[in-house]
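Reading through the structure tokens given below for one structure.
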Amino acid sequence: MPTYIALLRAVNVGGTGKISMADFRKLLEGLGFKNVQTYIQSGNAVFDAPGLAAAPGSATKVGAAIAAALNKHMGAAVDVMIRTHDELTRVIAENPFAAEAATDGARVHVCFLAGPAPAAAGPALLALREQQPARRDRYHVAGDHIYFHFPDGAGQTKFSGKTLDRAVGVAGTGRNWNTVLKLHEMSKRQ
């Protein structure tokens, strides 16, 4: 039985997309998922999906089912990114900002994308970075996610929200390194 991590975009942020994590857990359990756990209020869940083989396309089906249920529950579309424990293991192992993350995990983020970043993402991200020459933000595009290091903090970066979506051409949702590590730990099954 595969274990998945669901990452919701733009819930419980800035007064929009409100859903309690208790309601999110009930929603996931109502879809037949087991061992549901949520982590902090920003829309993170770890769960097992009985009856689904860990085959290509399974994560897409899981994400679509959750998105449809959230749309019905909230009355608005919510982007859902799905990852597996093994995918988070790879994200952790390949972090180009691992030294910085070890010092301050709140300044290293991963943007989990709904699909692979197109080739045009690199130049578009460079153009965003050039809009804030005084900031020292760094990034690394890696397929269906982007690593960020925000030495000056994430509060004023251009690498967020709809600005980032337009630049990359794919919807995504960000998590700081501490959250990535916690979700990885929670998704580890014996």
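The values are calculated or read from the model by the stated rules, or taken from the named source; none is laboratory data. Keep in mind that what you see is a predicted model, and the values were worked out from it rather than measured. Cβ placement follows ideal geometry from the backbone for every residue including glycine, while neighbour counts extend to all protein chains displayed. All accessible areas refer to the heavy atoms of the entire protein, side chains included, with ligands and DNA or RNA removed. Shrake-Rupley method; radii C 1.70, N 1.55, O 1.52, S 1.80 Å.
So which trypsin sites (Lys or Arg not before Pro) in the range 34-143 pass both tests, a DSSP loop state and at most 16 other Cβ atoms within 10 Å of the Cβ?
Within the range 34-143, the qualifying trypsin sites (Lys or Arg not before Pro) (loop, at most 16 other Cβ atoms within 10 Å) are ARG135, ARG136.
Could you give the dipole magnitude of the chain about its Cα centre, charging the beta-carbon of Lys and Arg +1 and that of Asp and Glu -1, in debye to the nearest 20?
Here the chain has a charge dipole of around 300 debye.
Set the bar at 28 Å for Cα to Cα. Now go through LYS162/LYS188; LYS18/LYS61; LYS162/LYS182; LYS34/LYS72; LYS61/LYS188; LYS72/LYS158 and name every pair that lies beyond it.
LYS162/LYS188; LYS72/LYS158
If I stretch the segment between ASP23 and ALA119 completely, what's the gain in nm (0.36 nm per residue apart, minus their alpha carbon distance), one decimal?
Computed gain between ASP23 and ALA119 is 30.7 nm.
Considering only the other residues whose Cβ falls under 15 Å of the Cβ of ARG9, what net charge follows from Lys and Arg at +1 and Asp and Glu at -1?
That sum, taken over residues with Cβ under 15 Å, equals +2.
Run the helix sum for the chain: -39,500 (n - 2.57) per DSSP H stretch of 4+ residues, divided by residue count, reported at 222 nm to the nearest 500 deg cm²/dmol.
Mean residue ellipticity at 222 nm (helix-derived): -11000 deg cm²/dmol.
Taking a probe of 1.4 angstrom, what is the accessible area of ILE19 in Å², to the nearest 10?
Accessible area, nearest 10 Å²: 10 Å².
For helix 21-30, what angle does its Cα long axis make with the longest principal axis of the chain, in degrees from 0 to 90 and rounded to 10?
Once rounded, one gets 50 degrees.
At LYS162 and ARG136, where each label point lies 7 Å from the Cα along Cα→Cβ, what is the point-to-point distance in nanometres?
With each label placed 7 Å out from Cα toward Cβ, I get 3.2 nm.
Which listed residue (LEU164, VAL46, THR179) has the Cα farthest towards the positive end of the charge dipole for the range 33-185, taking +1 on Lys and Arg C-beta and -1 on Asp and Glu C-beta about the Cα centre?
The residue sitting most towards the positive pole is LEU164.
Hey, in the GNM for the chain with a 10 angstrom Cα cutoff, which one of GLY17, GLY30, GLY169 fluctuates hardest?
Most flexible of the set in this elastic network: GLY30.
Taking a ≥ b ≥ c as the square roots of the Cα gyration tensor eigenvalues, with a/c under 1.5 meaning rounded and otherwise prolate when a/b beats b/c, else oblate, which class fits the chain?
In terms of gyration-tensor shape, prolate.
Could you order ASP137, ASP86 by accessible surface area, starting with the largest, using a probe radius of 1.4 Å?
Result of the area sort, largest leading: ASP86, ASP137.
Give the residue from ALA101, ALA76, VAL91 lying farthest towards the positive end of the charge dipole for the range 66-113; charges sit on Cβ (+1 for Lys and Arg, -1 for Asp and Glu) and the dipole is referred to the Cα centre.
ALA76
Need one word for the range 43-123: rounded, prolate or oblate. Basis is the Cα gyration tensor (sqrt eigenvalues a ≥ b ≥ c); a/c below 1.5 gives rounded, then a/b vs b/c decides.
prolate
How far is helix 177-187 tilted, in degrees, relative to the longest principal axis of the Cα atoms in the chain, given as a value from 0 to 90 rounded to the nearest 10?
Result, in degrees: 20.
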